[in-house]
Amino acid sequence: MGALGPAVDPREDAVPERAALVYRTRLPVRIWHWINALCILVMLMSGATIFNAHPRLYWGAYGANPDSAWLEIGNQGQRGFLRIGELEIGTTGLLGWTEHSTRAFPPLVTIPNYYSLAEGRQWHFFFAWVLVISALAYLVYALLSGHLRRNLGLSREERRLSHIWHDIKQHARLRFPTGEAARGYNPLQKMAYLGVILVVLPLVVLTGMTMSPTLNAAFPWLLDIFGGRQSARSIHFLCAAAFCAFILVHLVMVVLAGPFNELRSMTTGWYRLPPARKGEK
């Protein structure tokens with residue numbers, strides 16, 4: 001055994017590992033993250049059911065089948081298609097026509113998993129209220145605790161175009177922050193989160209309100225802001241598409257950065273800093 005070299009005390013290796021474990025995500029942020037994830041998933045799937053009732057989008061105050069739609073998901077026989085303006089993309093087996101459905105969105109991605117506009121609206125509106133209440137609670141916490149400024153606000157250096165471009169190139173090369181640089185969010189993360197919290201989420205709520213005839217009576221100015229109910233519906237759909245894109249990129253980044261470490265951070269708050277690269281702190 002002596003030829004193998006001196007025995008290593010396992011406690012000596014454990015010290016730097018423990019030192020690299022930091023408390024990165026506070027409890028209110030973790031709670032809001034998972035509530036937000038559940039609400040958005042249910043709302044996207046129930047929203048797909050609602051969209052199936054009339055799978056065409058318009059700009060302006062009015063829209064019906066004879067009117068010119070800027071987006072349509074449908075089928076011609078057993079051929080599904082997505083039409084955006086003059087561009088038509090075949091979507092057979094995915095959208096418009098599948099083996100089990102001739103709806104725009106198939107049952108696999110809808111709630112309920114059969115067509116029921118009434119039930120789809122019930123699911124959608126209930127989780128919309130949960131989303132709004134949790135978002136307001138999170139915003140109050142983020143402002144009062146300084147989380148919004150301290151963890152999501154961009155520093156003067158991070159606002160420089162050269163710094164942002166460098167961060168984009170690093171992500172394109174799959175070179176993520178390491179060491180102390182990984183303790184907080186990087187500029188691209190901050191911009192993405194701020195865009196969702198301060199732009200996409202408010203737009204989703206306000207355009208959703210604009211599509212409600214009851215709320216139109218209470219807030220008629222919403223129709224003027226968004227240019228009519230059909231324009232609000234189109235913006236609502238585009239915001240949902242933005243959520244889908246954000247979720248897809250977010251999940252890919254989690255997998256590439258180390259899913260166990262990222263999930264631990266978002267469930268327990270503790271995050272193990274990746275070892276710094278040579279020459280980095």
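The values are calculated or read from the model by the stated rules, or taken from the named source; none is laboratory data. This structure is a prediction, so every number in the text was calculated from the model and none was measured. Methodologically, a virtual Cβ is constructed for each residue, glycine included, from the backbone with ideal geometry; neighbour enumeration extends over all protein chains shown. Accessible surface is based on the protein model in full, side chains and every heavy atom, while ligands, DNA and RNA are left aside. Shrake-Rupley method; radii C 1.70, N 1.55, O 1.52, S 1.80 Å.
Can you grab the distance from the C-alpha centre of the stretch 170-217 to the C-alpha centre of the stretch 17-64, Å, no decimals?
11
If packing is taken as the mean number of other Cβ atoms within 10 Å per residue, what is the order of 229-239, 53-63, 86-96, highest first?
Going by the mean number of other Cβ atoms within 10 Å, highest first, we get 229-239, 53-63, 86-96.
Of all the accessible heavy-atom surface of the chain, with the other protein chains kept in place and a 1.4 Å probe, what percent is carbon and sulfur?
Carbon and sulfur: 67 percent of the exposed surface of the chain.
Show me the ranking of peptides 172-183, 260-271 by mean Cβ neighbours inside 10 Å, starting with the highest.
Ranked by mean Cβ neighbours within 10 Å, highest first: 260-271, 172-183.
Whole number in Å², please: accessible area per residue of the stretch 33-124, 1.4 Å probe, ligands, DNA and RNA not counted.
Working: 5220 Å² over 92 residues.
Heavy-atom SASA per residue in the stretch 33-124 reads 57 Å².
Applying the Karplus parametrisation 6.51 cos²θ - 1.76 cosθ + 1.60 with θ = phi - 60° to the phi angles of the stretch 120-125, what ³J(HN,Hα) value in whole Hz is obtained for each residue in order, glycine and proline being reported as x?
3J(HN,Hα) across the stretch 120-125, in whole Hz: x, 5, 4, 4, 5, 5.
Among the chymotrypsin sites (Phe, Trp or Tyr not before Pro) in the stretch 93-122, which ones are in a DSSP loop with at most 13 other Cβ atoms within 10 Å of the Cβ? Mind listing them?
On the way: sites: Trp97, Tyr114, Tyr115; in loops: Trp97, Tyr114, Tyr115.
For chymotrypsin sites (Phe, Trp or Tyr not before Pro) across the stretch 93-122 that sit outside H, G, I, E and B with at most 13 neighbouring Cβ atoms in 10 Å, the list reads Tyr114.
Describe numerically, in nm with one decimal, the distance between label points set 7 Å from Cα along Cα→Cβ at Leu161 and at Ala276.
Here the answer is 3.2 nm between the modelled labels.
For Leu71, enumerate residues with amide H under 5 Å from its amide H, sequence gap 5+ or separate chain, H modeled in the peptide plane.
Placed amide hydrogens put Leu57, Gly85 under 5 Å from Leu71.
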